[in-house]
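Here's the structure, in structure tokens; my notes come after.
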Amino acid sequence: MAKELTTREENYSQWYNDLVIKADLAENSAVRGSMVIKPYGYAIWEKMQAALDTMFKETGHQNAYFPLFIPKSFFSKEASHVEGFAKECAVVTHYRLKNDGKGGVIVDEDAKLEEELIVRPTSEAIIWDTYRKWIQSYRDLPLLINQWANVVRWEMRTRLFLRTSEFLWQEGHTAHSTKDEAIKEAELILDIYGKFAEEWIGVPVLKGIKSPNERFAGANETYCIEALMQDGKALQCGTSHFLGQNFAKAFDVKYLTKENKLEYVWATSWGVSTRLMGALVMAHSDDSGLVLPPKLAPIQVVIVPIYRKPEQLEAIREKVDGITKELKTKNISVKFDDRDTYKPGYKFAEWELKGVPIRLAIGPRDLENGTIEIARRDTLEKEVLQMADIAEKIDHLLVKIQDNIYQKALAFRDENTFYADTWDEFKDRVEKGGFVLAHWDETPETEVKIKDETKASIRLIPIDGKQEEGKCIFSGAPSKQRVVFARAY
RNA sequence: CGGGGUAUAGCGUAGUCCGGUUAGCGCGCCUGCUUUGGGAGCAGGAGGUCGCAGGUUCGAAUCCUGCUACCCCGACCA
């Protein structure tokens, strides 16, 4: 049929692309590298937003909104920050079009801006320029702000959700009176990201810090969470940066201490993006389609009626109404798929493709026996249950599915996490995919050489990682701790 | 930005080499009837600036030139 998926084994990235499009999550747009997020995909993103937003607010953060445009001069105040983003910025130079006299339009050269505007690739610059006015005293701190926004990074090669020129994200920007407090904030957010990834998306993540090479432009330390995808490649799922006083100094943001001394503030910034949608798809889905964790599924239960005559459909509808009401009181989202244009087999396949966690089927046989067929998307198992307490049973099953998806992903990661102690072993392991823990001499030169030769980068240096004597896999120099290598998206 | 490829209906494609009827097919779509426990069947129907702009020719989807977009492989990245 038209909706056949490429299998993961045939071509993993083709499978991913097919899946995103056929499950109706997103599609390519007329604009290079920019996608249209379709209602079903956006509904998942909204669920992600809601969960994260709640966690941010529970930890004292507030939402605000800053401009899309950043004056070019603002953007160049923090040197390493510019360097990191300069190559991928969209720039606004004019503010008006005019007729070209041939039925088209051209840029009106008379409408040239005095100063070009940069479409934000991230908002540190405009936000820190604003914070200068907001912060005077230690009483104004900490300042804990988050913004939900779109940003633009002019990427060379793009892939739906994983890397698009424009993407949606949240970016937190906080200001603190002490270094310690700022570091604690960066760590707190990392914990929130980790919790969200594991408990909502159902993806186990490693937590750690980035090597200086992989650090955010303008940060003193970058904390991150990394997940392993089914093809053995790593995906960075979120980052939290300790920015030191870099932006405070660049934008002259100072506060008066209790002792009436003028000090620069300490900063963090942190973000997760629609890339999480990519992680969600790649971590759990199979050759039949999407597998959504119940906590993020826009539709948690779909009910497919099976009938011959209109009277049967009406009898089924009556039963279904009862079930639907009960499920709704338990905050479970239900869809009754009573479309007359498709047969049950088609609907089963379609809802599997879309990853709905639980499917109920109800037909004349069930009406007679007081039963209902229940099918799990994660295991594709079917079972006929007594109708009594069905809402209760579904409620429990959703919890079970959420857990099973996570356990499966965790088992996969464990099976694909390796230790390497020799260079040959290392190269061999990296080739096969997965996380590879190995010793590293802590020099950027070695890191770059390893990447050149194996395409594997240091995904993270584990926080509180086990201290053990070892020798760098590449240079043989002494090392005190293993770091995590992998090929990455 | 470098290398390779593609562009024909909503989607997938045939035709292009070697110019010549009304551009063909599958899926999807619309109407009707029959169907409905794992991707329904039959009948009828709608839908095309052949990526864009020039050129060659009696005649261009087909040949030539330029442009644009997209895909794959590298360098950049959440």
| said: Taking the full set of protein chains and a 1.4 angstrom probe, give the accessible area of A:Asp464 in square angstrom, rounded to the nearest 10. | reply: 150
| task | Could you work out the equivalent-ellipsoid semi-axes for the range A:257-308, taking the square root of 5 times each eigenvalue of the Cα gyration tensor, largest first, in whole Å? | result | 50, 15, 6
| request: Select from the range A:279-381 those GluC sites (Glu not before Pro) which occupy a DSSP coil region and have at most 12 other Cβ atoms within 10 Å, ordered by residue number. | output: A:Glu381
| query | Hey, can you list the DSSP H helices of chain A whose Cα span along the axis is 24 Å or longer and whose average Kyte-Doolittle score is at least -1.0? | reply | A:39-58, A:179-196, A:310-329, A:390-415
| query | Dividing the convex hull volume of the alpha carbon atoms of chain A by its residue count, what do you get in Å³ per residue? | reply | 194
| said: Within the range A:339-368, list the residues whose amide N lies under 15 Å from a label point set 7 Å along Cα→Cβ of A:Glu311. | reply: A:364-365, A:368
| Percent of accessible area on the range A:374-473 owned by carbon and sulfur, 1.4 Å probe? | 49
| Hey, which lysines would be in cross-link range of A:Lys133, C-alpha to C-alpha under 24 Å, not counting anything within fewer than 8 residues on its own chain? | A:Lys57, A:Lys72, A:Lys77, A:Lys179, A:Lys249, A:Lys254, A:Lys258, A:Lys261
| Which shape class applies to the range A:338-435: rounded if a/c is under 1.5, otherwise prolate when a/b exceeds b/c and oblate if not, where a ≥ b ≥ c are the square roots of the Cα gyration tensor eigenvalues? | prolate
| A:Trp351 accessible area, assembled protein chains, probe 1.4 Å, Å² | 20
| remark: Percent antiparallel among DSSP beta bridges confined to the range A:417-486, rounded to 5, stands at 75
| field | Filtered trypsin sites (Lys or Arg not before Pro), the range A:434-466: DSSP coil and at most 10 other beta carbons within 10 Å | value | A:Lys466
| request: Report, to the nearest whole %, how much of the accessible area of the range A:12-284 belongs to carbon and sulfur atoms, 1.4 Å probe, protein only. | output: 50
| request: Calculate how large, on average over all directions, the projected area of the Cα convex hull of the range A:32-168 is; give the answer in nm² to one decimal. | output: 11.9
| note | For A:Arg163, A:Arg377, A:Arg153, A:Arg139, the accessible-area ranking with a 1.4 Å probe, largest leading, is A:Arg139, A:Arg163, A:Arg153, A:Arg377
| Rounded Å value of the spacing that divides the Cα centres of the range A:119-172 and the range A:403-423 | 33
| task | Quick one: compute a quarter of the convex hull surface over the Cα atoms of the range A:263-349 and quote it in nm². | result | 9.6
| note | In Å², rounded to a whole number, the accessible area per residue of chain A with probe 1.4 Å is 47
| message | If you count only protein heavy atoms and use a 1.4 Å probe, how large is the accessible surface of A:Ile306, to the nearest 10 Å²? | response | 60
| note | Eigenvalues of the alpha-carbon gyration tensor of the range A:12-284, times 5 and square-rooted, give semi-axes in Å, largest first, of 31, 28, 15
| said: I need to check one value: relative contact order of chain A, counting alpha carbon pairs closer than 8 Å and at least 6 residues apart, in percent. | reply: 13
| Over chain A, what is the percentage of antiparallel beta bridges among all DSSP beta bridges, to the nearest 5? | 85
| Rh by Kirkwood over Cα pairs, then Stokes-Einstein D for the range A:92-220 at 1.002 mPa s and 20 °C, µm²/s | 115
| said: Straight-line reach only, C-alpha to C-alpha below 16 angstrom: list the aspartates and glutamates that A:Lys330 could link to, leaving out same-chain residues fewer than 8 apart. | reply: A:Asp321, A:Asp389, A:Glu392, A:Asp395
| remark: Taking the range A:44-117, the whole-percent share of alpha-carbon pairs separated by over 18 angstrom is 66
| remark: Shape call for the range A:417-486, from the Cα gyration tensor axes a ≥ b ≥ c (a/c under 1.5 means rounded, otherwise prolate when a/b beats b/c, else oblate), comes out rounded
| note | Helix-only [θ] at 222 nm, chain A, -39500 (n - 2.57) per DSSP H run of 4+, per residue, nearest 500, equals -10500 deg cm²/dmol
| field | Sparse-neighbour loop sites [GluC sites (Glu not before Pro); the range A:140-184; at most 15 other C-beta within 10 Å; DSSP] | value | A:Glu155
| query | For the range A:246-325 and the range A:438-489, what is the separation of their C-alpha centers, rounded to whole Å? | reply | 33
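The values are calculated or read from the model by the stated rules, or taken from the named source; none is laboratory data. Treat the numbers as computed from the prediction; the structure is a model and nothing was measured. Cβ sites come from the backbone with ideal geometry, for glycine too, and all protein chains shown count toward neighbours. Just the protein is used for accessible areas: all its heavy atoms, side chains included, with ligands, DNA and RNA removed. Shrake-Rupley method; radii C 1.70, N 1.55, O 1.52, S 1.80 Å.
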